[in-house]
Amino acid sequence: MKTTRKNMIANVSVIAAVCVFGSVGLTGCATASGAAGDRPMKIGVTVANSTNPFFQQESKTAESYGKSVGAEVLSQVANEDVQTQSNQIDQFITAGVKFIVIDAADTDGVGPAVKRAVSAGIPVIGVDNQSKNATVNITTDNKQAGEISCRSLADKLGGKGKIAILNGTPVSAVDDRVTGCKGILGQYPDIKIVADQRGENSRDSALPIATDILTANPDLDGFFAINDPSAVGVQLAAEQKGASVVITSVDGASSATDAIAAGGLITATAAQDPAALMRQAIDLGISIVNGKEPDQKVILVPTELVDASNVAKYKPWG
């Protein structure tokens, strides 16, 4: 029987079967292969930095999960520099990757490079942070994460007091968390936000910023930190200043949950799962390459609050 191009494409689609997680409306697991199944599918992955445990887990998962589904993963780190990340996307295009997964260093800043990839016929999946012009974005519901973290903060303070926000880099995940937090705190007339300062999403960046905020506001009652590394930096600053403040954050990393379990200044974190997000992003990319367009342009995955009531049962991702 004559083998047509249509038959060949259909056969490749069968070889590259996809299975995804129920939380994004798909089911199963994925395998990837190149043309006629003789070469592995190339995937480009770039994350914002190499020091944050969340991004480390994303990179590790991309490499291990990519290998498990038969793909070749080209993994890069942007070191929080949008030009570096844009160059990496251009390199992926030249390398002939089938799709790109990006955790953006700057949501809008990567937009032109993402557009170049999409225009070249390469789908781009934004993960964790939304990336402008991406084919699809899969991210934690960061607004919801900020809401439940700051609800816990307000309740811990009895609905009153002075609060500071340790903000972060200009990416959608950070901005959505702060928006969610402020929306909740706005429901408490006796809570006042006295400071809102951007850091670099790290412990070392948060430490001096939190120290300055505590110096300027010695009667401060609480902090919302946009991620767990920042929360740890805030806790160090408070301990050095001898300040008794309540700290809540977002991530669900062991650095925060250990403090919660020990009765430290960090009392709650809205837990997300970087490994699950990356697996879902890769599955989604394979699905798109094989002709199935996503039902949604933005897929949101909810978080769960970890505090003293459930920390003993929670298993941190890193």
Can you tell me the alpha carbon radius of gyration of the stretch 273-318 divided by the globular rule-of-thumb value 2.2 N^0.38 Å?
-> 1.59
Against the globular-protein guess of 2.2 N^0.38 Å, express the Cα radius of gyration of the chain as a ratio, rounded to two decimals.
-> 1.07
Let me know the Kirkwood hydrodynamic radius for the stretch 172-223, please, with Cα pairs as the basis and the value in Å to one decimal.
-> 12.4
Of 262-274, 234-246, 296-308, ordering from highest average Cβ density within 10 Å down gives 262-274, 234-246, 296-308
Distance histogram for the stretch 84-191 (every C-alpha pair counted, 10 angstrom bins, percent rounded to whole numbers) = 15, 37, 21, 16, 9, 2
What does a probe at K241 reach in the stretch 165-209, counting residues whose amide N is under 18 Å from the point 7 Å along Cα→Cβ?
-> 165-168, 192-209
Which entries in K143/K192; K132/K292; K42/K143 show an alpha-carbon gap greater than 27 Å?
-> K42/K143
The computed P(r) of the stretch 194-318 puts the percent of Cα pairs beyond 24 Å at 38
Whichever lysines have a C-alpha closer than 21 Å to that of K315, once near sequence neighbours (fewer than 8 apart) are set aside | K60
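Semi-axes of the equivalent ellipsoid of the stretch 113-155: what are they in whole Å, largest first, if each equals the square root of 5 times a C-alpha gyration tensor eigenvalue?
Three semi-axes, in Å: 33, 7, 5.
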For T179 and T84, extending 7 Å from Cα along the Cα-Cβ vector and measuring point to point gives, in nm, a value of 2.8
Point-charge dipole on Cβ atoms (K/R +1, D/E -1) for the chain, about Cα centre, debye to 20 | 1080
Give the accessible area for K143 in Å² (nearest 10); use a 1.4 Å probe, count only protein heavy atoms, and leave out ligands, DNA and RNA.
-> 100
Note to self: with every protein chain in place and a 1.4 Å probe, the chain gives an accessible area per residue in Å² of 43
Of all DSSP beta bridges having both residues in the chain, the percent classed as antiparallel (nearest 5) is 10
Give me the aspartates and glutamates in straight-line cross-link reach of K160: C-alpha distance below 17 Å, same-chain residues under 8 apart excluded.
-> E147, D190, D219, D221
Please give every one of the aspartates and glutamates within straight-line cross-link reach of K115, meaning a C-alpha to C-alpha distance under 12 Å, and leave out same-chain neighbours fewer than 8 residues apart.
-> D90
Antiparallel DSSP bridges in the stretch 215-318: what percent, to the nearest 5?
-> 35
Using only protein heavy atoms and a 1.4 Å probe, report how much of R279 is accessible, in Å² to the nearest 10.
-> 70
Kirkwood Rh over alpha-carbon pairs of the stretch 202-273 plugged into Stokes-Einstein at 20 °C, 1.002 mPa s gives a D in µm²/s of 184
Where the accessible area of the stretch 198-253 is counted over protein heavy atoms with a 1.4 Å probe, how much of it, in %, is carbon and sulfur?
-> 46
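The values are calculated or read from the model by the stated rules, or taken from the named source; none is laboratory data. Source: prediction; values computed, not measured. So basically every Cβ, Gly included, is an ideal-geometry build from the backbone, and we count neighbours across all protein chains shown. When the accessible area is computed, the model is the full protein with side chains, heavy atoms only, and any ligands, DNA or RNA have been set aside. Shrake-Rupley method; radii C 1.70, N 1.55, O 1.52, S 1.80 Å.
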